[in-house]
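Just below is one structure, and these are the notes that go with it.
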Amino acid sequence: MPGSGYYDLHLHVLPGLDDGARTVEASLEMLEGLAAVGYRHFVATPHCDDHRFTYGWDKVDAAYATLRDAVERRGLDVDLRRGAEYTYGPRFHAHVTERRAVTLADSRYVLLELPEAFMPATMPTALFDVGAHGYYPVLAHPERCKPFHDDVPRLAELANGRALVQVSFRSLAGTFGRTIKRTAWRLVTDEVADLVATDCHSPRELKKVVQPVIKALAKRLDPDHFDRLMRRFPARMLAASAG
Ligand SMILES: [Fe+2]
């Protein structure tokens, strides 16, 4: 049976913006489906990169306002806030150094996707530098990065004191193949992952990804570990920054 009050700090639920929800109806379906398995707190994280998702924040704000209105009209009891998923690159660097990065629900945490094919030797310094500007990086699905496949200690060493590790439901479900699935589960069971997030892009993923992964997590983890990943840790992240 599902628990309640879970946090999802990474999902593409804003309508008509990136490769996530296409319509407001799809956004509502995603939120309703996630609420049905126990989620209550959401931080919408549209992509923000240098090539494909380069829309301005006025567009993001408009999509966010549209969805908040729709949620209210539908009477959904969810807490929806805003963030972004940055791709490591010049735009991210500019936002950080100019101290105008879009953080997760106005916390100090920035969601950051690292390059998947290789890890630049300068990455530890780069992450440290993000911290020096007052932000703290949350690594989005690092299990998808080739250098960390079957090398959990390498990721643990990079993240140590510099970043949090967020594993994606899509990886845990096997969407990206067996190696990434195995690495994702290792990160969770070895307690290298600080949190998990659905990274949900469409209502189709509710049945294919979200429901089976919640079930598998509840089965494989002890209740305290499960509750920490799904609720306590993300709650503390947002609360620490609110005050
Ligand atoms: Fe994402």
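What percent do you get for the relative contact order of the chain when only Cα pairs under 8 Å and 6+ apart count?
It comes to 20 percent, rounded to a whole number.
Starting from 0.36 nm per residue, how many nanometres of slack lie between residue 146 and residue 98 once their C-alpha separation is accounted for?
In short, 14.2 nm is gained.
Explain nothing, just compute: Karplus ³J(HN,Hα) = 6.51 cos²θ - 1.76 cosθ + 1.60, θ = phi - 60°, for every residue of the range 32-48 in order, whole Hz, x for Gly and Pro.
Once rounded to whole Hz, the list reads 5, x, 6, 4, 5, 9, x, 7, 10, 10, 10, 10, 6, 10, x, 4, 9.
Nearest 20 debye, what's the magnitude of the dipole of the range 6-242 about its Cα centre given +1 on Lys and Arg Cβ and -1 on Asp and Glu Cβ?
420 debye
Distance from the Cα centre of the range 199-233 to that of the range 156-174, in angstrom?
Value for the Cα centre distance between the two parts: 15 Å.
Might you work out the accessible area of residue 144 for me, using a 1.4 Å probe with all protein chains in place, and round it to the nearest 10 Å²?
Approximately 40 Å² for this residue.
Please give the per residue accessible area of the chain, computed with a probe of 1.4 Å over protein heavy atoms only, in Å².
With the other protein chains kept in place, the chain gives 45 Å² per residue.
Considering amide H positions built from the backbone, and no H for Pro or chain starts, which residues 5 or more places from residue 6, or on another chain, come under 5 Å of its amide H?
For residue 6, whose amide H was placed from the backbone, the distant partners under 5 Å are 39, 40, 41.
Apply the Karplus parameterisation 6.51 cos²θ - 1.76 cosθ + 1.60, with θ equal to phi minus 60°, to every residue of the range 182-197 and state each ³J(HN,Hα) to the nearest whole Hz, in sequence, with x for glycine and proline.
The phi angles translate into 5, 5, 4, 5, 4, 4, 6, 6, 7, 6, 7, 6, 7, 7, 10, 8 Hz.
Could you compute the FRET efficiency for residue 132 and residue 156, with r as their C-beta to C-beta distance and R0 at 25 Å, rounded to 0.05?
0.70
Rank by packing, highest mean first: peptides 186-194, 166-174, 103-111, 151-159, with packing defined as the count of other Cβ atoms within 10 Å averaged across residues.
Put in order of decreasing packing, that is 166-174, 103-111, 186-194, 151-159.
So if I place +1 on the C-beta of Lys and Arg and -1 on the C-beta of Asp and Glu, and nothing else carries charge, what would the dipole magnitude of the range 165-243 be about its Cα centre? I want it in debye, nearest 20.
The dipole of the range 165-243 has a size of about 400 debye.
Suppose the chain between residue 61 and residue 207 were pulled fully straight at 0.36 nm per residue; how much longer would it get relative to their current alpha carbon spacing?
This chain segment gains 49.7 nm when fully extended.
Along the Cα→Cβ direction, 7 angstrom out, place labels at residue 117 and residue 215. What is the inter-label distance in nm?
Roughly 3.8 nm, to one decimal.
GNM, the chain, Cα, under 10 Å: largest mean-square fluctuation among 210, 196, 71?
So, out of 210, 196, 71, the one fluctuating most is 71.
Take residue 125 and residue 232, extend 7 Å from each Cα along the Cα→Cβ direction, and tell me the distance between the two endpoints in nm.
3.8 nm
For the pair residue 51 and residue 178, how long in nm is the line joining their label points, each one 7 Å along Cα→Cβ?
The answer from the label model is 3.0 nm.
Of the listed peptides 116-122, 197-203, what is their order by residue-averaged count of other C-beta atoms within 10 Å, with the highest listed first?
Top to bottom by mean Cβ count within 10 Å: 197-203, 116-122.
Provide, for the chain, the number of lysine pairs with alpha carbons under 23 Å apart, each pair being eight or more places apart or on different chains.
The result is 8.
The values are calculated or read from the model by the stated rules, or taken from the named source; none is laboratory data. Note that the structure is a prediction, hence the values are computed from the model and not measured. Positions of Cβ are generated from backbone atoms using ideal geometry, with glycine treated the same way; all protein chains shown enter the neighbour counts. Keep in mind that these areas ignore ligands, DNA and RNA; they rest on the heavy atoms of the full protein, side chains included. Shrake-Rupley method; radii C 1.70, N 1.55, O 1.52, S 1.80 Å.
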